[in-house]
Structures are given as structure tokens and as C-alpha cells.
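A short write-up of the structure that comes next.
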Ligand SMILES: NC(=O)c1ccc[n+]([C@@H]2O[C@H](COP(=O)([O-])OP(=O)(O)OC[C@H]3O[C@@H](n4cnc5c(N)ncnc54)[C@H](OP(=O)(O)O)[C@@H]3O)[C@@H](O)[C@H]2O)c1
């Protein structure tokens, strides 16, 4: 694994997503094998979950999984739903998530998306959870640049650790302004759906001739090329989901080797970087 350091935290560049994992509260055999291999062979100790995922069952399954290891090896990311945040249920939701995860403290607690959440209220509650030791850091997800500016105008809003956003080879709009803004203002970007989320989109990407050719010339697989692209500057982290250890192996092949400038240009000729500001895409 390769790491970056953000606000004195050493964080793996690649972690596990748990959307649609542990749907009945336990990991399936394949999911458990994949996660165990991810931790043991690849150092994927960042796990991203949310109260929304399978109505809390992904948190429960994550908790059972990490319970077999030393808790301190992991960096656990969790998210509160905006509809709960709007009602001021931060503490109740955080405690319920902690219970399902069977841990004392969440490493990074995010607002899942903006919704109608009052940002002053958000910061106030998140800072209180931090001061009380229920979370170590807080952040946001799916915040566009205007949301980030608004957040930073709030007292202590600058304590936002991270913005988790949709970002991959096929969705590059954030490169225009949001990613540079976050870099300048010390907000870590965590890219979700680096493999395009749906089977149809992933298949379209990995069967594209340019991707196949570039992956081959870089000694990567199409999937590991897609991941390498997202983390290419080593200042953005990403989380992908797999419940299959063979897929995991495919995804991690030479993933930390840099992509050559020529190959990056070839990729950008097909998957264009943005030329103007666009609204942040979300799922
Ligand atoms: N904040 C947000 O709003 C938000 C939104 C979406 C996602 N997320 C987070 O980001 C994580 C990752 O995003 P994602 O789950 O949407 O999408 P993703 O990681 O881009 O893609 C996951 C899909 O790709 C498949 N896959 C992975 N490797 C494969 C391979 N080598 N060959 C074939 N299929 C492969 C997985 O199926 P298999 O299990 O069969 O491998 C799964 O269906 C989520 O799990 C979640 O934690 C956050």
C-alpha cells in the first residue's frame, strides 16, 4: 500500500467501499475473503461505510469483520444521512453507527450529501462529536465548490477533513475547480466509484481499446489503470467495492506504478479533462 499524510494522519491511497456489501448484516464468504485479502495482502485498512448502506447492515458486517483484527489498524469512514442531520440527530445516529460497528470512535464521519442541512448546525454538531471522542475527524460528501465555500465561511468549517466525491476517468468535471479548491484549502478528496459503479459503465470502460492498449503498455489491468488514474498525483484517495478476491487482484495489479505522460495524454484525448466549470456529478 502507498499512503498520504493529511492533517498528521497516515491514510492508505486505496480503501474498501461497502455499498451493497453485507446486505443481511454479515459478509458473504466471497466478500469476507476479498476484504481479508485486501487487508492482509494489500494493506487496504481504510473502510468506507454509511448508515444508509443496506439500512445499517453494511456497518454491522464491517464491525464483525474488523472485530477479528486490532481496531487500531483501521481507518473507518462512516456517513450520516442528511435527513437525519436535518433533524439534528447527529449524536443518536453516530452512537447507533458506533454500536453497529462495535467500536468506540469513528475515524472520519461524513455528511452523505448536502440535502437541506444547515451548515452552521453541521459544524457545531460534528465539532461536539469530535470533542466528545465519538469521532476523530468530520467531513462531507458530494459537496460542490459553492457548498465548500459556504462551509468554510462558517466558524470552524475549515476543520472539514475530507470531501468524498464521484470522480473517475469518465467523470472528470471536479478537476476544473473543486479539486484545485480542495487542494488549496487543505480538504482531502476521496474519490468514490473509481470503477464507474455500474456493471454497464465499468464494462464499457474496461473494454475500450484505448484503455486495454494503455493498460497493457503500463503492465496494468484496465481496472488497475482506472484506479491508478484517480490516485495518479498521490494526493487523492479512493475507495472501490469488490466482493471477489480475484477482482481484487485484478484491480491492484501494479496500481501504484505511475502512468507515463504519453499514456496520460492518450487517456485524456478520449476521456477529456473539463474545459469549463460544471455542476458536480453525483450518484
Ligand atoms: N458518498 C457517496 O455518495 C457514495 C456513492 C457511491 C459510492 N460510495 C462509496 O464508494 C465505494 C465504491 O463505489 P461503488 O461501489 O459505487 O463502485 P465501484 O467501486 O466503482 O465499482 C464497484 C462494482 O464494480 C465491480 N467490480 C470491482 N472490481 C471488479 C473487477 N475486477 N471485475 C469485475 N467487476 C468488478 C464490483 O462487483 P464485485 O463485487 O463483483 O467485484 C461492484 O459491482 C462504495 O462501495 C461506497 O463505499 C459513496
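The values are calculated or read from the model by the stated rules, or taken from the named source; none is laboratory data. Keep in mind the model is a prediction, meaning the values are calculated, not measured. A quick note on method: Cβ atoms are made from the backbone with ideal geometry, for glycine too, and the neighbour counts reach across all protein chains shown.
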Checklist entry - Filter the stretch 137-149 for residues that are within 20 Å of residue 92 (Cβ to Cβ) and free of Cβ contacts under 8 Å to residues at least 40 places away in the same chain; which is nearest to the ligand (Cβ to nearest atom)? => result 140
Checklist entry - Right, residue 39: at negative phi and in a strand (DSSP E or B) or not? => result no
Item to check | Meets criteria (within 12 Å of the ligand (Cβ to nearest atom) and out of contact with any strand residue (DSSP E or B) (no Cβ under 6 Å at 6 or more places or on another chain)) for residue 246 | outcome: yes
Checklist entry - Pick from 277, 269: which is more than 18 Å from residue 45 (Cβ to Cβ), out of contact with any helix residue (DSSP H, G or I) (no Cβ under 7 Å at 6 or more places or on another chain), part of a loop (DSSP other than H, G, I, E, B) and more than 9 Å from the ligand (Cβ to nearest atom)? => result 277
Checklist entry - Taking residue 177 and the conditions (1) away from the ligand (no atom under 16 Å from the Cβ); (2) free of Cβ contacts under 8 Å to residues at least 60 places away in the same chain, which numbered condition does it fall short on, given that it satisfies the others? => result (2)
Next on the checklist: I'd like to check something: does the stretch 5-12 contain any residue that is away from the ligand (no atom under 12 Å from the Cβ), closer than 26 Å to residue 187 by Cα and assigned to a helix (DSSP H, G or I)?
Outcome noted: no
Checklist outcome for this item: Filtering the stretch 203-243 down to residues that are assigned to a loop (DSSP other than H, G, I, E, B), touching a residue at least 24 places away in the same chain (Cβ under 8 Å), within 13 Å of the ligand (Cβ to nearest atom) and over 15 Å from the mean Cα position of the chain (by Cα) yields 220, 221, 243
Next on the checklist: Could you go through the stretch 136-151 and let me know if any residue there is more than 21 Å from residue 105 (Cβ to Cβ), at pLDDT 95 or above and touching a strand residue (DSSP E or B) at 6+ places or on another chain (Cβ under 6 Å).
Outcome noted: yes
Checklist outcome for this item: The number of residues in the stretch 125-150 that are in contact with a helix residue (DSSP H, G or I) (Cβ under 9 Å, 6 or more places away or on another chain) and either over 17 Å from residue 182 (Cα atoms) or part of a loop (DSSP other than H, G, I, E, B) (or both) is 12
Checklist entry - Within the stretch 95-124, how many residues turn out to be out of contact with any helix residue (DSSP H, G or I) (no Cβ under 6 Å at 6 or more places or on another chain) and on the phi > 0 side of the Ramachandran plot? => result 0
Checklist entry - From 163, 185, which residue is more than 12 Å from the ligand (Cβ to nearest atom) and either touching a residue at least 12 places away in the same chain (Cβ under 8 Å) or more than 18 Å from the chain's Cα centre (by Cα) (or both)? => result 185
